[in-house]
1. Can you tell me which residue within region 11-24, out of those that are more than 13 Å from Thr65 (Cβ to Cβ) and either of a type in the set (Val, Ile, Thr) or in contact with a Lys or Arg (Cβ under 6 Å, 6 or more places away or on another chain) (or both), is least open to solvent (accessible area, probe 1.4 Å)?
2. Which one of Gly152, Gly168 is open to solvent by less than 30 Å² (accessible area, probe 1.4 Å), touching a residue at least 24 places away in the same chain (Cβ under 8 Å) and small (Gly, Ala, Ser)?
3. What number of residues within region 194-219 are open to solvent by less than 40 Å² (accessible area, probe 1.4 Å) and in a loop (DSSP other than H, G, I, E, B)?
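The values are calculated or read from the model by the stated rules, or taken from the named source; none is laboratory data. Computed from a prediction, not measured in an experiment: that's the story for all the values here. As a convention, Cβ positions derive from the backbone with ideal geometry for all residues, glycine included, and neighbour counts pool all protein chains shown. Quick note on the areas: whole protein, heavy atoms, side chains included, nothing else; ligands and nucleic acids left out. Shrake-Rupley method; radii C 1.70, N 1.55, O 1.52, S 1.80 Å.
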Amino acid sequence: MADAFTGDYIKDGEVDILSTDSTFLCKGRWTYSDSNGKIEASLVAGKLPNNTKYILRLTHKDYVTTYYALSLRLPKRSGDFYYPTEKILMRKLPMRQKERTLGEAVVTATKIKMVMKGDTIVYNADAFQLSQGSMLDALIEQLPGAQLNEDGVITVNGKRISSLLVNGKDFFRGDPKIALENLPAYMVNKVKVYEQQTDFEKLTGVKEWERPLVMDVNLKTE
């Protein structure tokens, strides 16, 4: 057994002796000596049928497993037998990359501020930097496309918000400024903006051309 690239003999491998149908028969070993000026391999055969063809399965931790067909006439005594000293070439396994311990790395990720889900704009409240103690009005003023005037009127992309909801319910139909000025921003999870189905649509099933635009403030559950 020799290196396919350098031609150097390989030491300390393992040999499985198989029948021609790949049935395992016994284990062997290969060793080398140059006492006679040459290198030969010794396989411990055990009790094997005589004058039979075999397959050698050669394995080594640094080389690709190799199969070699061999036809032998075994000696009468059991024990070691020898086969011709022709080189069986084995290819080296690809070099494994050495493990490296890297220094500490800090990964900084930017939270997504808004996404479109169908016709609904969803703002992620945690993505906006607000000063401690800020209320809902400070958050809305930072939402992309949203504007809030002094009277508490909210517009998104130029269209007026008709209702300010909290968790889908209209608590402030009379005066949304109550929520804007008193609801802490840290309690807000998402802010959704969408067109609301009208009572006429619910009764008739006919979609109206102009739908009211609502802002739904979803609070954190914990």
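1. Among residues in region 11-24 that are more than 13 Å from Thr65 (Cβ to Cβ) and either of a type in the set (Val, Ile, Thr) or in contact with a Lys or Arg (Cβ under 6 Å, 6 or more places away or on another chain) (or both), the one least open to solvent (accessible area, probe 1.4 Å) is Ile17.
2. Checking each option against the conditions leaves just Gly152.
3. 1
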